[in-house]
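Reviewing the structure listed below.
The values are calculated or read from the model by the stated rules, or taken from the named source; none is laboratory data. All figures in this text were calculated on a predicted structure; none of them were measured in a lab. Every residue, glycine among them, receives a Cβ derived from its backbone with ideal geometry; neighbour counts consider all protein chains shown.
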Amino acid sequence: GIQVEQSPPDLILQEGANSTLRCNFSDSVNNLQWFHQNPWGQLINLFYIPSGTKQNGRLSATTVATERYSLLYISSSQTTDSGVYFCAELETSGSRLTFGEGTQLTVNP
Amino acid sequence: DTAVSQTPKYLVTQMGNDKSIKCEQNLGHDTMYWYKQDSKKFLKIMFSYNNKELIINETVPNRFSPKSPDKAHLNLHINSLELGDSAVYFCASSQLRGSYTFGSGTRLTVV
């Protein structure tokens, strides 16, 4: 099956800083999704981005399918951005979303 | 009007017991899933149902039995609970090949 690697595994920021999270894939990208798991455990879908760039407020994501990677940008980080960020790729059959191991982000006030 | 709701949110039970987790979605999605999140936060697919038909059954002990009475519901029944079953279980739904929506999770603790 597809392998999903995320970096960095951990990231600590001061409030107001910018950051970039990366996701690499072992196979072609068909259906890339980014999730945020907040400190209360809820998994929120941030982006569905098989290719190109999307923006949602202070967050944006870019997927370069031909080079098998995706980036999540967080600008002007806030303490509420803390949590674990996961990227995940859907297998071609469409039946299974495979997750990376996540990036643990801590934003300090 | 929660999109994907699962109950209960917390479940503490003794080894050997049988328990169920319920999941319902009101998004009109045709596919539902159960994922398990271990203590290291890794998320792994357990089961997937499309239009009530089982399409994925990962290497999961047969003590775990999913049931989908209709497209909006996917329940998980676990027999003879073991300590190693302790984890957070997430239900999710999507259109096939679409964007996923997750429930808020059920934290299962087996003592």
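When the criteria are applied in full, B:L108 meets the requirement of being within 14 Å of another protein chain (Cβ to nearest Cβ), surrounded by 19 or more Cβ atoms within 10 Å (Cβ to Cβ) and touching a residue at least 12 places away in the same chain (Cβ under 8 Å).
Please find, among B:L27, B:L43, the residue that is away from chain A (no Cβ under 11 Å) and in contact with a strand residue (DSSP E or B) (Cβ under 9 Å, 6 or more places away or on another chain). If you could, list the steps in order and put the result at the bottom.
On the way: B:L43 fails: away from chain A (no Cβ under 11 Å).
After applying the criteria, what remains is B:L27.
Within the range B:70-111, the set of residues being over 16 Å from A:Q37 (Cβ atoms) and of a type in the set (V, I, T) comprises B:I78, B:T109, B:V110, B:V111. When A:F35 is tested against (1) closer than 25 Å to B:V88 by Cβ; (2) more than 9 Å from chain B (Cβ to nearest Cβ); (3) aromatic (F, W, Y), just one condition goes unmet, and that condition is (2). When the residues of the range A:49-58 are filtered to those that are at pLDDT 95 or above and within 14 Å of chain B (Cβ to nearest Cβ), which remaining residue is surrounded by the most Cβ atoms within 10 Å (Cβ to Cβ)? Going through the qualifying residues, I end up with A:K54. Pairing each residue of the range A:84-99 that is aromatic (F, W, Y) with any residue that is assigned to a loop (DSSP other than H, G, I, E, B), provided the two are 6+ apart or on different chains, yields C-beta distances under 8 Å for A:Y85/A:G102; A:F86/A:G100; A:F86/A:G102; A:F99/B:F42. State whether one or more residues within the range B:36-47 are crowded, with 19+ Cβ neighbours inside 10 Å, in a loop (DSSP other than H, G, I, E, B) and either on the phi < 0 side of the Ramachandran plot or not acidic (D, E) (or both). There is no residue in the range B:36-47 that is crowded, with 19+ Cβ neighbours inside 10 Å, in a loop (DSSP other than H, G, I, E, B) and either on the phi < 0 side of the Ramachandran plot or not acidic (D, E) (or both). Scanning the range B:75-97 for residues that are within 14 Å of another protein chain (Cβ to nearest Cβ) and crowded, with 17+ Cβ neighbours inside 10 Å, we see that the one that is farthest from the chain's Cα centre (by Cα) is B:S94. Against the test of being over 16 Å from A:L97 (Cα atoms) and in contact with a His (Cβ under 6 Å, 6 or more places away or on another chain), the options B:S80, B:S39, B:S65, B:S93 yield a single qualifying residue, B:S65.
Where residues in the range A:1-37 are of a type in the set (V, I, T) and part of a loop (DSSP other than H, G, I, E, B), which of them is modelled with the lowest pLDDT?
A:V29
The residue of the range A:59-109 that is farthest from the chain's Cα centre (by Cα), among those that are among the β-branched types (V, I, T), in a strand (DSSP E or B) and within 10 Å of chain B (Cβ to nearest Cβ), is A:T98.
For the range B:6-35, filtering for residues that are part of a strand (DSSP E or B) and of a type in the set (G, A, S) leaves 1.
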